[in-house]
Amino acid sequence: MDYIPVFIANGFYRNKTDFVDRHVVWSYRAKFPKVDRYLDTRRLVRLRDSILVTMDFQRPTVSHHEDVPVSYNIAEYKTLMRKRWNPWEDRPVETAGELCMGLRRIVNSDESRQLALLELMEDHPKVIVFYNFDYELDILRHLGYPEGTEIAEWNGHKHQEIPTGDKWVYLVQYTVGCEGWNCITKDTIIFYSQNYSYKVMVQAAGRIDRLTTPYTDLYYYHLKSFSGIDLAIGKALKEKKNFNEGKFVGWSTKPMPKAA
């Protein structure tokens, strides 16, 4: 499916509908669009191989990924799951996306996550921090960083340059900053929260993994709790898939039941 734009550009298919009609069989059991199998795969493999260019090179870097366990407010998490009530806007939760957003807000706002980041900065005084939401940015802006730490941002609000001092934190929003810039002056990224997209996570990690980097060892720290939603997102990413909100809460196209 990821090759569709390239196949169309090369004139193999008229449009996405043409490709889907000829090759895709959707799963009738799934509550969301899910490919069950592909038809005429020999043709697909032949077309793919005809446009791919082999690039033989040996990447000199070694990536070290480490999960950093953090806590979360279990009582608030269970209450939101049970009552389906949005405490920030004082109204019922109406969609699967809104419910997942609320669960993530409870998990990502926990003080233990903030402390874990500060502890990592004791050993890594210069770090790039990836985050998802504006409330996370507000937290990250006001943490008790070591004295003299410079804070810069790359997001929908600001496009600041990477700091050059001895102590700094570069706050990067996934959607805006997962591509289009590089950093070869640092070897460490902290993922304050996970993104739903496997591709985005790989692109974000690649910001410091460049052929021109002077570092051999690159360090990636993933702050994760044992909450249901963190575990589900982590499982999807491990399988190189995108996290599906509707599947997580058992909902696809119908509104969430309103709280009593």
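Below are the figures for this structure:
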{"read-out": "Qualifying residues in segment 155-172 (those that are touching a helix residue (DSSP H, G or I) at 6+ places or on another chain (Cβ under 6 Å) and within 13 Å of Arg141 (Cβ to Cβ)) - the one surrounded by the most Cβ atoms within 10 Å (Cβ to Cβ)", "value": "Leu171"}
{"read-out": "Residue count, segment 174-218 (criterion: under 20 Å from Glu161 (Cα atoms) and part of a strand (DSSP E or B))", "value": "4"}
{"read-out": "First in segment 16-29 and part of a helix (DSSP H, G or I), second anywhere and acidic (Asp, Glu), Cβ under 7 Å, 6 or more apart", "value": "Arg22/Asp40; His23/Asp40"}
{"read-out": "Residue list for segment 137-173, filter: of a type in the set (Val, Ile, Thr) and either part of a helix (DSSP H, G or I) or within 26 Å of Tyr198 (Cα to Cα) (or both)", "value": "Ile139, Ile162, Val169, Val172"}
{"read-out": "Scan of segment 185-200 for residues that are over 12 Å from Leu218 (Cβ atoms) and among the hydroxyl-bearing types (Ser, Thr, Tyr), ordered by number", "value": "Thr185, Tyr192, Ser193, Tyr196, Ser197, Tyr198"}
{"read-out": "Per-region count, segment 8-23, residues surrounded by 13 or more Cβ atoms within 10 Å (Cβ to Cβ), out of contact with any strand residue (DSSP E or B) (no Cβ under 6 Å at 6 or more places or on another chain) and under 15 Å from Asp40 (Cα atoms)", "value": "6"}
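Conditions tested, residue by residue: (1) under 20 Å from Ile189 (Cβ atoms); (2) surrounded by fewer than 17 Cβ atoms within 10 Å (Cβ to Cβ); (3) assigned by TED's automatic domain parsing to the domain that holds Gly228.
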{"residue": "Glu94", "(1), (2), (3)": "no, yes, yes"}
{"residue": "Ser109", "(1), (2), (3)": "no, no, yes"}
{"residue": "Leu120", "(1), (2), (3)": "yes, no, yes"}
{"residue": "Asp123", "(1), (2), (3)": "yes, yes, yes"}
{"residue": "Val129", "(1), (2), (3)": "yes, no, yes"}
{"residue": "Asn132", "(1), (2), (3)": "yes, no, yes"}
{"residue": "Leu140", "(1), (2), (3)": "yes, no, yes"}
{"residue": "Tyr174", "(1), (2), (3)": "yes, no, yes"}
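The values are calculated or read from the model by the stated rules, or taken from the named source; none is laboratory data. A quick note: this is a predicted structure, and the numbers were derived from the prediction, not measured. Heads up, the Cβs are rebuilt from the backbone with ideal geometry, glycines too, and the neighbour counts pull from every protein chain shown.
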